[in-house]
1. Does F24 fit the bill of being in contact with a helix residue (DSSP H, G or I) (Cβ under 8 Å, 6 or more places away or on another chain) and open to solvent by 100 Å² or more (accessible area, probe 1.4 Å)?
2. Of the residues in the stretch 55-95, how many are part of a helix (DSSP H, G or I) and out of contact with any Lys or Arg (no Cβ under 8 Å at 6 or more places or on another chain)?
3. I need every pair where a residue in the stretch 81-95 that is modelled with pLDDT of 75 or more has its Cβ under 8 Å from the Cβ of a residue that is outside any loop (DSSP other than H, G, I, E, B), sequence separation at least 6 or different chains.
4. If I go through the stretch 43-95 residue by residue, how many of them are open to solvent by 80 Å² or more (accessible area, probe 1.4 Å), under 24 Å from the mean Cα position of the chain (by Cα) and of a type in the set (A, V, I, L, M)?
Amino acid sequence: MLRRAIAPAALLIVGIFFGGYAIFGPNGALAYGDIERQLAVRQRQLAMLDRNRTELKNRVDLLDPRHADPDLVDELARKDLGVANQDEVIVPLDR
């Protein structure tokens, strides 16, 4: 009788293990709320990165050698080289 009970007992143990994992595991039913919170955080990060990417793409387009924006080129040259005309007043801004 003991030999006939081993197979159903083993199947029951395996079923309980996988059932518990499906409910309490890292991707189980109880982790669904945490997964939704992580998804919301990642979507906000993606939106921020997408905005940054759009801003950088705009600056790259403005610096295209075929038709560069003169104001942006002047701003970058003055910032990188530290040059100013004699009649200009430089106002330092604390950032």
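The values are calculated or read from the model by the stated rules, or taken from the named source; none is laboratory data. Predicted model, so just to flag it, every value in this text is computed and none were measured. Please note: Cβ atoms are built from the backbone with ideal geometry, for glycine as well, and neighbour counts cover all protein chains shown. Remember, those area values only see protein heavy atoms, side chains included, never the ligands or the DNA or RNA. Shrake-Rupley method; radii C 1.70, N 1.55, O 1.52, S 1.80 Å.
1. Criteria met by F24.
2. The number of residues fulfilling the criteria is 19.
3. V83/A77; A84/R78
4. 5
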